[in-house]
Amino acid sequence: MPNRSMFRASIAVVTFFALLIVAVPTARAHAPSGAIFTTIANGSEVNYNIYAAKQDVYLDGGPGPGAPQAAAGLDNGTYVFQVTDPSGKTLLSTDPANCRRVTVLNGIIAGVVAFNECQHATGLDVDHGATTVQLVPYNDTPNPGGEYKVWVTRVEDYACALDIVDCGRTGNNFHGFIPRHSKTDNFKVRGTPREIDTRFVSRTGGYIDGLRITWTDPLGGTNVKWSYLNTALDINHEAHVEAVEVGTHEIEIGNQPGCTVEIVRVTGVAQSKTGPQTIRVRMSTDSPITTFIDVYCQ
């Protein structure tokens, strides 16, 4: 008959291997690197992320507009995307997830996954040769401001079956997408945008391009934005988050090559904390069209 010491040892071994089994998928699940963004078929940006029609909106991914040449793109692999209203409550995509898969190679979208001839139409990004992916079919948003949210997550992190359109929303699962494992971006079809623009200021008073912020939306999805100049789109040395919805947005500002963070001002008001920090911006229907965050660098 086994003694108590042998029994305890057996329990310890079983527990150890059980923890290993649980830990492996948890360690792998995390938001992809790089950024996603919406565009038109040829990869060109659209002013304020406002489109004339739903058919005009394409998904692109990689380092993102304004990113330096060495910036990391998306992790290689297969992804699934969806379109919802900004709250994530209403799934607007109308086709099964199998039809909404894309592949990423060398940091950019390389193509769609062919499946029963339902895969989405594609274009070609003229800047770096990425495939752009048309988001239709999706329904009109119930949001009165005409706002939409696009989500992207790895297939292995997708929490629904791929052969259905929608498995519903429970807890922190938005139709199969877990915010902390997803990249998100917002866009509008017609209307007036609200935006959060972050500018990096050098010690001599000039603006610095090619610097990064991480945006977390009110649901917990993340994306990366870079400061750059494009006067044709009214982007003036800003890392811009456009078509933002009502709720609390977080802008994470860290030290990086070219900027050791000193003072941060939000709408001209210096924050009590100095150095790297996360700024919480509460957006409401009464918020100004643009909220400026100015980061002063050493």
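Every number in this text was worked out from the coordinates using simple rules, so none of it is lab data. Because the structure is a prediction, the values reported are computed rather than measured. With ideal geometry, Cβ positions are generated from the backbone for all residues, glycine too; neighbour counts draw on all protein chains shown.
Quick rundown of the values:
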| quantity | calculated |
| --- | --- |
| Computed [θ] at 222 nm, deg cm²/dmol, the chain (DSSP H ≥ 4; -39,500 (n - 2.57); rounded to nearest 500) | -3000 deg cm²/dmol |
| Within a Gaussian network of the chain (alpha carbon springs, distance under 10 Å), most fluctuating of CYS99, CYS259, CYS118 | CYS118 |
| Amide proton proximity set for ASP185, modelled H, under 5 Å, gap of 5+ | VAL150 |
| Pair SER287, ASN236: separation of 7 Å Cα→Cβ label points (nm) | 2.0 nm |
| Peptide ranges 69-80, 242-253 listed from the most packed, as the mean C-beta count within 10 angstrom indicates | 242-253, 69-80 |
| The chain: angle of helix 4-28 to the longest principal axis, Cα-based, in degrees nearest 10 | 30 degrees |
| The chain - convex hull of alpha carbons, volume per residue in Å³ | 178 Å³ |
| Listed residues THR170, THR198, THR39, most fluctuating in the chain (Gaussian network, C-alpha, under 10 Å) | THR170 |
| Highest-MSF residue in the chain out of THR141, THR267, THR84 [GNM, Cα springs under 10 Å] | THR267 |
| Extended-chain gain in nm, criterion 0.36 nm per residue less alpha-carbon gap, GLN69 and SER33 | 11.4 nm |
| Kirkwood-Stokes translational diffusion coefficient of the stretch 35-189, alpha-carbon pairs, 4 °C, 1.567 mPa s, µm²/s | 84 µm²/s |
| Per-residue ³J(HN,Hα) for the stretch 64-74, Karplus 6.51 cos²θ - 1.76 cosθ + 1.60, θ = phi - 60°, Hz, x for Gly and Pro | x, x, x, 6, x, 4, 8, 5, 6, x, 5 |
| Over 18 Å between alpha carbons, listed pairs LYS149/LYS183; LYS149/LYS188; LYS54/LYS149; LYS54/LYS225 | LYS54/LYS225 |
| Sequence-separation-based contact order of the chain, relative, with Cα cut under 8 Å and 6+ spacing, percent | 17 percent |
